[in-house]
Amino acid sequence: MFVGHAMFAFGVVALAAARFGASRERALALGVAAGLFAAVPDVDMAYALVGLVAVDPTSPMAVAQSFWGASTVVHRAVTHSLVVAVPAAAAFALAPTHRRIAAAALAALVGVVAAFSGPLPAVIVGLFAAGGWLVARAAHAYRVRGTSLFAVALVGLLSHPFGDLFTGEPPELLYPLGVTVFDGRVALSADPTLHLLGAFGVELFAIWLGVAAALWLTGHHFTDHVNSRAAFGAAYALAVLVLPPPTMDASYHFVFSVVAVGFVGVVPAPKFRQRSLTLPSLPTAVVTGLAAVTLAGLAYGVAYTTGLA
């Protein structure tokens, strides 16, 4: 779900910056930096690649289950901690101009994690530190510096864990203090399928927020970039007749198929007079594809709740 995390942080920061007087170009730079920082905590998914070793590559379900099973070993722990986020954001803000101080602070963070949790989490937080360092250097190149860099890093890192409350195991928000804030995922419905659809809706909302911010700040209008092909998403309601009801524990068939609906956004549009095909612009492809996926999710939800399954 790192896309949703990144787009939410981008949208919130970009719109807030514009609201408080920043130019559109400046707001975009701040938003992009925040979005990239919001994606950094999911670097802990790198360990999930271990799950692909010695798994049958001809079985997509086995590959997916092994991948996600391995990810639970260290996912949503150290890198998703609000306690870790504050010193990490401060170190990242210092990285472009005070490299030695930033490097010492991040090395100390790795050492503390190693002492509390052992070598594997320490390696993961090392990757987290490297990822944040690279984002900070890139943001600095686009004049996101000093307190602005600290602020966007902090927003990105602090906002990320809360998007994970509806899926899988809850993040360890107060690591390494040993305090449990949530002992299970936040349920949106007692029905496991409706819960999944609700979590999918939260993800779509986060992405739409970022897309809307990007369109507005770049002078584009939604109506100029959505075409009638998005309506094909409604046909996904028929999936309720052929796919088993998805849940958080068995969601692959739903996620992969509903996201595939979004490819209607990149289908070339025919120009009959020229007898040729024209690829849609990037904004049109994104908006049309996202609209199709949103409509597909809504159509499936309506079909499921009305008892067509």
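The values are calculated or read from the model by the stated rules, or taken from the named source; none is laboratory data. The model shown is predicted, which means the values in this text are computed figures rather than measured ones. Please note: Cβ atoms are built from the backbone with ideal geometry, for glycine as well, and neighbour counts cover all protein chains shown. The area values use the complete protein model at the heavy-atom level, side chains included, leaving out ligands, DNA and RNA. Shrake-Rupley method; radii C 1.70, N 1.55, O 1.52, S 1.80 Å.
Consider a paramagnetic label point 7 Å from the Cα of residue 189 along Cα→Cβ; state which residues of segment 287-309 have an amide N under 11 Å from it.
298, 300-307
Is segment 99-190 best put as rounded, prolate or oblate by its Cα gyration tensor, with a ≥ b ≥ c the root eigenvalues, rounded for a/c under 1.5, and otherwise prolate when a/b is larger than b/c, oblate when not? Numbers along the way, then the final one.
On the way: a/c = 2.67, a/b = 1.39, b/c = 1.92.
Because a/c hits 1.5 or more and a/b fails to exceed b/c, segment 99-190 counts as oblate.
With a 1.4 Å probe and every protein chain left in place, work out the accessible area per residue of the chain in Å², rounded to a whole number.
Solvent-accessible surface per residue comes out at 50 Å².
Once every DSSP H run of n ≥ 4 in the chain is given -39500 (n - 2.57) and the sum is divided by its residues, what mean residue ellipticity at 222 nm do you get, rounded to the nearest 500 deg cm²/dmol?
-19000 deg cm²/dmol, from helical runs alone.
Roughly how big is the chain's charge dipole about its Cα centre, with Cβ charges of +1 (Lys, Arg) and -1 (Asp, Glu), in debye to the nearest 20? Intermediate results must be reported in sequence, preceding the final value.
On the way: 14 positive and 12 negative charges, 266 e Å.
Once rounded to the nearest 20, the dipole reads 1280 debye.
Counting only protein heavy atoms and a 1.4 Å probe, tell me what percentage of the chain's accessible area is made up of carbon and sulfur. Intermediate results must be reported in sequence, preceding the final value.
Working: 11030 of 15600 Å².
For the chain, the apolar C and S fraction of the accessible surface comes to 71 percent.
Take the alpha carbon gyration tensor of segment 170-309, find the square roots of its eigenvalues, order them as a ≥ b ≥ c, and report rounded if a/c is under 1.5; if not, report prolate when a/b exceeds b/c, else oblate.
Note, shape of segment 170-309 comes out oblate.
Measure nothing fancy, just the Cα-based angle from helix 119-141's long axis to the longest principal axis of the chain, in degrees from 0 to 90, nearest 10.
Tilt relative to the chain: about 80 degrees.
For the chain, with the dipole built from +1 on Lys and Arg beta-carbon atoms and -1 on Asp and Glu ones, taken about the Cα centre, which of 103, 85, 180 lies farthest toward the positive end?
Final value for the positive-end residue is 103.
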